[in-house]
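Trainee: Please see the structure below; I have some questions.
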Amino acid sequence: MTEYEIRDLKLAPSGHTKIQWVKDNMPLLRGLEEEFIRTRPFQNLKISLSVHLEAKTAYLCKVLAAGGAKMSVTGSNSLSTQDDIAAALVECGLNVYAFHGATDEEYSRHIEMCLEHKPNIIIDDGGDLVGMVHDNRPDLAEEVMGGCEETTTGVIRLKAMEKAGILKFPMVAVNDADCKHLFDNRYGTGQSVWDSIMRNTNLIIASKTVVVVGYGWCGRGIAMRAAAMGARVIVTEINPVKAMEAKMDGYDVMTMAKAAPLGDFFVTATGCKHTITVDHMKSMKDKAILANAGHFNVEIDMAGLEDAAVSVRETRDNIMGYELPGGKIINVIAEGKLVNIAAADGHPAEIMDLSFAVQAMSALYIKENYEKLENKVVDVSSEIDDIIARRRLEAWGIQIDELTKDQEEYLSSWQV
């Protein structure tokens with residue numbers, strides 16, 4: 001019997017329409033769905049999933065269910081959950097526990113309800129499911145073969161658990177796969193962050209100064225798109241190699257203290273807390289706009305800003321203006337939460353097709369290999385990356401060269 005806790009089951013028709021749209025634009029997942037229907041690789045297995053609950057995630061859930069999995073689903077951010085998508089998945093027979101705007105207590109309850117089905121495989125985005133198993137429900141760990149983690153932030157948490165010797169099952173670092181971070185983090189984040197900022201502010205990017213905090217793959221994409229739209233880009237970094245790379249890519253590089261008075265837009269993408277502090281905000285321009293592209297809403301010191309503000313008001317839908325002593329306004333999009341999904345539709349479908357194909361194939365890898373794996377963070381195999389890349393090229397109608405036997409022998413020999 002399907003169990004659920006959602007807003008309104010009557011919203012399902014709209015959700016079905018959204019899911020069909022992304023399915024039409026996700027050829028890799030369509031191919032995997034066809035294979036899974038034939039092979040049923042997850043038959044009699046239970047999968048608990050916590051990922052931003054919108055149409056692309058919903059289609060991943062349906063693909064896994066087509067492979068025989070009993071799915072229990074929740075969101076990974078209360079602002080990114082779309083209630084019509086949750087309703088559509090319930091109508092498809094999945095257990096769903098999520099609704100938009102959930103309180104922290106409701107969100108935690110939904111995470112626990114998702115785990116009550118005693119999963120064999122966990123698919124996580126930010127580490128909340130895995131974290132709750134380890135913190136509150138260690139009794140569930142024996143049932144878990146392993147899992148997959150979607151984000152940089154989640155992988156950081158998992159590696160810290162591995163280092164501390166407390167990780168209870170293997171977890172595949174999906175985020176670190178080439179077919180994930182090279183495309184999702186760079187092109188997906190780059191496009192979707194600016195889509196969100198532009199639709200929520202209705203302001204031009206050309207001529208503005210954009211401060212990008214962090215120059216990992218997400219930061220690279222954000223900076224690249226801002227520059228392409230005519231912005232001056234400043235990058236702040238703690239890593240000297242990444243700082244040098246940003247400089248050679250054509251951007252100004254400086255400390256946040258120096259960048260704060262110069263920026264019109266600030267976008268954080270580090271996975272670390274308080275990369276923008278209240279002291280930084282006090283030196284910013286009046287009506288500066290702040291957005292976070294990291295998983296958790298800790299990169300901007302929102303608690304400190306709220307304490308420092310003399311008043312707070314909604315300046316536009318999804319934007320709160322914080323008035324500091326002296327009258328300066330600091331605008332923050334989506335409460336400092338993940339801007340591209342909390343205040344927009346997230347990454348393009350074609351990008352998530354790559355990422356979720358990695359997820360699906362990594363879940364299959366866990367199922368087939370868990371008995372041989374240690375309780376560590378596991379890299380995605382190069383074979384999975386290669387299969388996905390070749391299928392994506394095939395969907396584009398692109399052919400590439402292959403090595404001849406003579407070339408293979410040449411590359412494998414030390415003699416010229």
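The values are calculated or read from the model by the stated rules, or taken from the named source; none is laboratory data. Nothing here was measured: the structure is a model prediction, and the numbers come from that model. Cβ atoms come from the backbone with ideal geometry, glycine included; neighbour counts cover every protein chain shown. Remember, those area values only see protein heavy atoms, side chains included, never the ligands or the DNA or RNA. Shrake-Rupley method; radii C 1.70, N 1.55, O 1.52, S 1.80 Å.
Trainee: Multiply the residue gap between residue 411 and residue 386 by 0.36 nm, knock off their C-alpha separation, and tell me the result in nm, one decimal place.
Mentor: Working: separation 25, 0.36 × 25 = 9.00 nm, distance 1.91 nm.
Using 0.36 nm per residue and subtracting the Cα-Cα distance, I get 7.1 nm.
Trainee: Kirkwood Rh over Cα pairs of segment 370-416 into Stokes-Einstein at 25 °C, 0.890 mPa s: D in µm²/s?
Mentor: Details: Rh = 14.1 Å.
So the translational diffusion coefficient is about 174 µm²/s.
Trainee: List the lysines whose alpha-carbon lies under 22 Å from that of residue 208, not counting same-chain residues fewer than 8 positions away?
Mentor: Straight-distance partners of residue 208: 247, 258, 282, 285, 287, 328.
Trainee: On average over all directions, what projected area in square nanometres does segment 9-150 have, based on the convex hull of its Cα atoms?
Mentor: On the way: hull surface 31.6 nm².
Result: a mean projected hull area of 7.9 nm².
Trainee: Place the peptides 241-249, 283-291, 407-415 in order of packing, highest mean first, counting for every residue the other Cβ atoms within 10 Å and averaging per peptide. Spell out each step's value before the answer.
Mentor: Working: 241-249: 14.9, 283-291: 20.2, 407-415: 8.3.
The packing order, highest mean first, is 283-291, 241-249, 407-415.
Trainee: On the accessible surface of segment 78-232, probed at 1.4 Å, how many percent belong to carbon and sulfur atoms? All intermediate terms of the calculation are to be shown ahead of the outcome.
Mentor: Numbers: 2670 of 5380 Å².
Looking at segment 78-232 in its full context, I get 50 percent from C and S.
Trainee: Please report the relative contact order for the chain, taking Cα pairs under 8 Å with a sequence separation of at least 6, and give it as a percent rounded to a whole number.
Mentor: Working: 873 pairs, mean separation 67.1, N = 416.
Taking the mean separation of contacting Cα pairs over the length of the chain, I get 16 percent.
Trainee: At 1.306 mPa s and 10 °C, plugging the Kirkwood radius over alpha-carbon pairs of the chain into Stokes-Einstein gives what diffusion coefficient in µm²/s? Mind dumping the intermediate values first?
Mentor: On the way: Rh = 22.3 Å.
The diffusion coefficient I find is 71 µm²/s.
Trainee: Taking only C-alpha pairs under 8 Å that are 6+ residues apart, what is the relative contact order of segment 242-328 in percent?
Mentor: 24 percent.
Trainee: Between residue 21 and residue 106, how high is the FRET efficiency from 1/(1 + (r/R0)^6) when r is the Cβ-Cβ distance and R₀ = 22 Å? Nearest 0.05. Kindly include the intermediate steps, with their values, before the conclusion.
Mentor: Numbers: r = 29 Å, r/R0 = 1.30.
Rounded to the nearest 0.05, the efficiency is 0.15.
Trainee: Rounded, prolate or oblate: which one fits segment 299-339, using the alpha carbon gyration tensor with axes a ≥ b ≥ c (rounded when a/c is under 1.5, else prolate when a/b beats b/c, else oblate)? Please list the in-between numbers first.
Mentor: Working: a/c = 2.46, a/b = 1.30, b/c = 1.89.
Judged from the Cα gyration tensor, segment 299-339 comes out oblate (a/c at least 1.5, b/c at or above a/b).
Trainee: Could you do me a favour and compute the accessible area per residue for the chain, 1.4 Å probe, result in Å²? Could the numbers behind the result be given before it?
Mentor: Values: 18690 Å² over 416 residues.
Each residue of the chain exposes 45 Å² on average to a 1.4 Å probe.
Trainee: Could you tell me how far the Cα centroid of segment 262-301 sits from the Cα centroid of segment 195-239, in Å?
Mentor: Computed from Cα coordinates, the inter-centre distance equals 12 Å.
Trainee: What length, rounded to one decimal in nm, is gained on full extension from residue 376 through to residue 283, with 0.36 nm per residue of separation minus their alpha-carbon distance?
Mentor: Numbers: separation 93, 0.36 × 93 = 33.48 nm, distance 4.34 nm.
29.1 nm is the gain from fully extending residue 376 to residue 283.
Trainee: Which translational diffusion coefficient, to the nearest whole µm²/s, is obtained for segment 279-416 from the Stokes-Einstein equation, given a Kirkwood hydrodynamic radius over C-alpha pairs, 37 °C and 0.692 mPa s? Could you put the intermediate results ahead of the total?
Mentor: Working: Rh = 20.0 Å.
Here the translational diffusion coefficient equals 164 µm²/s.
Trainee: If you stretched the chain out fully between residue 203 and residue 14, how much longer would it get, using 0.36 nm times the residue separation minus the C-alpha to C-alpha distance? Can you show the working numbers first?
Mentor: Numbers: separation 189, 0.36 × 189 = 68.04 nm, distance 2.98 nm.
Stretched fully, the residue 203-residue 14 segment lengthens by 65.1 nm.
Trainee: Continuing with the same structure: Under 22 Å Cα to Cα from residue 46, which lysines show up? Leave out anything in the same chain fewer than 8 places away.
Mentor: Correct list for residue 46: 56, 62, 70, 118, 168, 367, 372, 376.
Trainee: OK, next. For segment 213-308, what is the convex hull (Cα atoms) projected area averaged across all directions, in square nanometres?
Mentor: Details: hull surface 22.9 nm².
Over every viewing direction, the Cα hull of segment 213-308 projects on average to 5.7 nm².
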